[in-house]
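These notes concern the structure reproduced below.
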Amino acid sequence: MSVLFIVFPLAILLAVVAVIAFIWAVRTGQYDDTDTPAMRILHDDEPVRSEGDSPTTDRSSQNP
Amino acid sequence: MSAGLGSLAGSSRAGHPCCDHCGLPVAPALIEPNAEAQFCCSGCRVVYEAIHGYGLTRYYELKDRDDESVPARFTGSDYRRYDDPAFRELYVSRSSQGLDTTALYLEGMHCAACVWLIEKLPQLVDGVVEIRVEIGRQMARLTWDRERVELSRIARVLDSLGYSSHPYRGTRRERIRRLENRRHLIRIGVAGACAGNVMLIAFALYGAMFSGMQPEFRALFRWASLLLALIALVWPGRVFLTGALSSMRTRVMHMDVPVAVALLVGTLWGATNTIRGVGEIYFESLTAVIFLLLIGRWIQHRQQWSAHDAIELLYRLTPATARQVEADGAVRELPVEALETGDRVELRAGDSVPADGVLVMGSSSFDTSLLTGESRPVSLSEGDRLHAGTVNLSSRVEMKVESTGDDTRVGRLMALVERFARERPPVVQLADRVAHYFVLIVLAWAVAVALLWLWLAPERAVEHAIALLIVTCPCALGLATPLAIVNAIGRAARLGILFKGGQPIELLARPGTMLLDKTGTLTEGRTRLVFWRGADEIKPLVVAVEQQVAHPMAQAFVEAFATADSLRPDRVEQVHGRGVSGDVAGRRVQIGSCPYVSSSVGSLPTWGRQAVEECIDKALSPVLVAVDDRLAGVAGFGDPIVDDARDSIAELEQLGWSIGMISGDHPAVADAVAEQLGIDGRREGAASPERKVEVVRSLVGAGESVVMVGDGVNDAAALSAADVGVAVHGGAEASLAAADVYLRRPGTAPLVTLVRGSRRTLGVIRRNIVVSVLYNLITASLATAGMINPLIAAILMPISSLSVVLLSYRSRTFETEGR
């Protein structure tokens with residue numbers, strides 16, 4: 001049972017690592033905006049345009 | 001009303017096409033039979049064409065068609081001022097790589113498709129490096145290369161997509177808030193980690209209660225719990241201690257005091273017991289309390305922040321540029337900020353007035369509804385005063401500037417709005433009032449328990465008194481209000497009722513006085529033809545002439561009489577402020593005021609005179625139509641009342657509200673509307689924005705809660721002066737900023753939903769408070785009997801909080817009223 005004296009502090013250490021990771025995430029702004037990424041995730045599925053046709057860039061030069 | 005009205009209403013409803021951009025029905029006059037796409041307004045057309053031009057039609061697939069529809073707004077402004085060095089100084093920051101960054105507030109951004117569209121910008125405009133949208137704040141952070149593209153061009157592209165932009169002024173406050181939010185989250189995270197681990201350790205100790213444990217392990221676990229609990233108390237839990245301290249200083253007990261007492265006493269007692277090696281420890285309950293209460297507090301803060309955000313939207317009432325006329329007659333466009341007293345400014349039809357001043361050349365009609373709330377255009381000529389924010393409707397004029405910016409009437413009104421918003425006293429929430437008594441009772445009870453056990457078994461007296469203080473920690477009470485309110489706000493938002501914070505709910509739940517603005521709130525806020533006496537065959541003639549005229553009444557004629565076969569007039573001549581005449585298909589048509597038409601018709605026939613009198617009785621503006629010098633028709637123009645207004649008002653009165661109406665419109669018109677709606681209470685016409693504020697303030701002083709409902713800039717100051725300001729559908733940005741609640745759905749029925757929902761929410765709050773007090777009664781009784789141990793405390797504490805959470809989320813607060 002005395003293995004607890006090693007395992008228990010290890011477990012606490014793991015928790016500390018998790019807390020540090022969380023604090024890092026918050027400080028780098030991962031939680032600043034929780035609404036937009038939820039919407040943005042819908043957009044990334046757009047099929048990749050083939051090289052030849054890229055009407056968007058063509059037209060952008062004519063825009064007002 | 002007349003038969004004409006019935007047929008009008010019928011024709012505009014029957015299965016007309018919907019706008020291809022926003023999905024709203026297209027007015028009959030605007031339908032183009034041969035066109036591929038139909039549009040409800042020119043804004044939608046511009047935006048639709050721009051989106052197609054850029055090949056971004058996927059926008060329409062992403063857009064949720066069931067989402068509320070808003071016609072697009074295309075301002076057509078050139079945003080030249082964005083390139084001004086002064087602008088750059090204020091809003092633009094430069095990164096080390098030589099790229100510029102700014103934050104823009106975008107109007108009209110509301111859904112996932114908008115995010116997609118805007119974030120495509122780097123592909124559309126060469127030189128835009130990145131644009132990141134934050135939909136919650138309607139903000140976009142833009143990074144671009146100044147060498148390759150100017151900010152004004154980016155803004156014009158955004159404008160063509162339907163998002164007019166404004167510099168975001170709150171960046172500094174925004175940063176402070178962001179940091180505060182992060183601190184909150186870190187506190188919650190740390191408290192959660194401590195609470196979770198202490199709870200795991202406690203499970204082991206609970207086992208020891210039944211089957212025993214070797215003393216060295218027991219000591220290890222107890223010391224570990226103490227360590228974690230101390231971390232939780234000193235780091236995240238400190239907010240309660242400092243809160244309690246300041247509460248003691250101001251001698252107003254609030255929720256922090258009982259929490260701090262329980263935390264301090266519990267931790268000290270637990271620490272003593274850990275060191276002694278005997279006695280109970282309550283660390284699992286204490287850390288859980290810190291964690292749960294921090295969540296409640298965070299929810300509350302988020303509400304308050306969104307309430308304060310709104311003030312930042314107050315800045316875009318006057319046009320961005322003005323056309324200055326120089327001494328040699330040359331016209332030069334310059335930013336409004338650069339206008340000075342004495343400058344001459346040219347105003348074309350459709351321009352809004354950039355500053356206060358005097359009309360010095362020409363005459364025209366103006367839409368002054370922004371300031372006065374009057375729905376009819378006002379004719380002004382040389383020498384008349386013009387106010388910033390009003391709109392020139394018909395012809396080119398010149399004005400002389402007398403005051404600009406903050407000194408204009410609009411500027412002063414906005415200053416009032418900000419002042420009232422700052423001065424508004426905070427509402428003492430129900431839970432805090434309860435907490436006040438709660439502290440006193442718990443402390444007294446603890447003393448009583450100590451005395452009781454001093455007499456029964458002196459060695460256990462302190463332990464039982466402390467157990468009582470810990471288990472009565474008002475965790476559920478602290479969550480009761482924020483949870484109920486955040487849930488109610490979420491539900492309300494789904495019904496198109498947007499709350500800026502939780503405070504209005506308690507005020508709206510109890511009946512008080514509700515003042516309604518007329519134009520735009522009780523009425524549709526635009527001129528419509530509501531009365532017609534005359535032959536149908538002259539309608540095409542009228543349309544042909546009026547199509548050439550840019551006057552609201554002319555447009556109302558066209559809208560009402562629209563036909564497929566349009567005639568072309570051979571000649572159209574406008575007589576300013578009186579009417580219009582023209583030749584169509586060989587016939588002479590005259591449309592205009594009574595004196596104008598009578599001058600060619602002579603005296604009116606009896607039916608004509610009766611029709612005119614009927615119009616005047618109904619407070620409509622009569623307009624006569626003569627064909628070939630003979631009276632052919634009489635039309636009445638007015639601002640029709642919203643369909644459901646009468647029912648809603650009756651229902652609100654039934655709920656105990658006293659309803660009043662206050663309008664900037666002509667008293668006769670205001671009275672006629674009040675009469676039709678059955679408003680018997682206070683009613684006032686011809687009220688200036690300043691007068692509205694006066695009325696609201698006099699009522700606020702009287703003690704009852706005062707709710708002001710309005711839509712325009714002229715109501716903004718009154719909205720912020722009232723206890724609760726409610727802005728209605730289609731309102732100006734300024735009124736949105738000043739209001740506490742915004743109703744997104746048209747009509748007045750949402751007002752009833754709002755009041756009923758608030759009432760039910762207060763009910764939920766009360767129920768939550770009763771439940772949590774009840775739990776505390778049970779735990780206090782157990783503690784008095786000496787039957788509390790850490791296990792029972794650890795079970796009861798989360799159950800009470802959980803039941804409050806469940807009660808809040810299961811409750812139906814805001815829902816559409818069944819009809």
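A compact table of results
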item: Complete set of residues in the stretch B:790-814 that are part of a loop (DSSP other than H, G, I, E, B) and open to solvent by 60 Å² or more (accessible area, probe 1.4 Å); result: B:812
item: Segments classed as strands (runs of 3 or more DSSP E), wholly inside the stretch B:311-380, with at least 3 members that are at pLDDT 80 or above and open to solvent by less than 40 Å² (accessible area, probe 1.4 Å); result: B:344-347, B:356-361, B:364-367
item: Residue check, residue B:716 in the same structural domain as residue B:509 (by TED's automatic domain parsing), in contact with a Ser or Thr (Cβ under 6 Å, 6 or more places away or on another chain) and either crowded, with 20+ Cβ neighbours inside 10 Å or in a helix (DSSP H, G or I) (or both); result: yes
item: Qualifying residues in the stretch A:6-38 (those that are within 7 Å of chain B (Cβ to nearest Cβ) and open to solvent by 50 Å² or more (accessible area, probe 1.4 Å)) - the one farthest from residue B:114 (Cα to Cα); result: A:18
item: Meets criteria (assigned to a helix (DSSP H, G or I), out of contact with any helix residue (DSSP H, G or I) (no Cβ under 6 Å at 6 or more places or on another chain), closer than 20 Å to residue B:261 by Cα and within 11 Å of chain A (Cβ to nearest Cβ)) for residue B:227; result: yes
item: Boolean, residue B:461 is buried (at least 18 other Cβ atoms within 10 Å of the Cβ) and under 25 Å from residue B:778 (Cα atoms); result: yes
item: The listed residue being out of contact with any His (no Cβ under 7 Å at 6 or more places or on another chain), modelled with pLDDT under 85, of a type outside the set (D, E, K, R) and outside the structural domain of residue B:386 (by TED's automatic domain parsing), out of B:468, B:416; result: B:416
item: Meets criteria (modelled with pLDDT under 90 and buried (at least 19 other Cβ atoms within 10 Å of the Cβ)) for residue B:228; result: no
item: Tabulated pairs, the stretch B:494-513, first among the aliphatic types (A, V, I, L, M) and in a loop (DSSP other than H, G, I, E, B), second modelled with pLDDT of 80 or more and open to solvent by less than 20 Å² (accessible area, probe 1.4 Å), C-beta under 7 angstrom, 6+ apart or interchain; result: B:495/B:753; B:495/B:814
item: Residue in the stretch B:602-611 that is among the basic types (Lys, Arg), out of contact with any strand residue (DSSP E or B) (no Cβ under 6 Å at 6 or more places or on another chain), part of a helix (DSSP H, G or I) and surrounded by 18 or more Cβ atoms within 10 Å (Cβ to Cβ) present; result: no
item: Some residue of the stretch A:49-57 being under 30 Å from residue B:126 (Cα atoms), open to solvent by 100 Å² or more (accessible area, probe 1.4 Å) and at pLDDT below 55; result: yes
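The values are calculated or read from the model by the stated rules, or taken from the named source; none is laboratory data. Only a predicted model underlies this, so the values are computations on that prediction, with no experimental measurement involved. Quick reminder, even Gly has a Cβ in these numbers, built from the backbone with ideal geometry, and neighbours come from all protein chains shown. The protein model used for the area step is the full one, side chains on, heavy atoms only, and it has no ligands, DNA or RNA in it. Shrake-Rupley method; radii C 1.70, N 1.55, O 1.52, S 1.80 Å.
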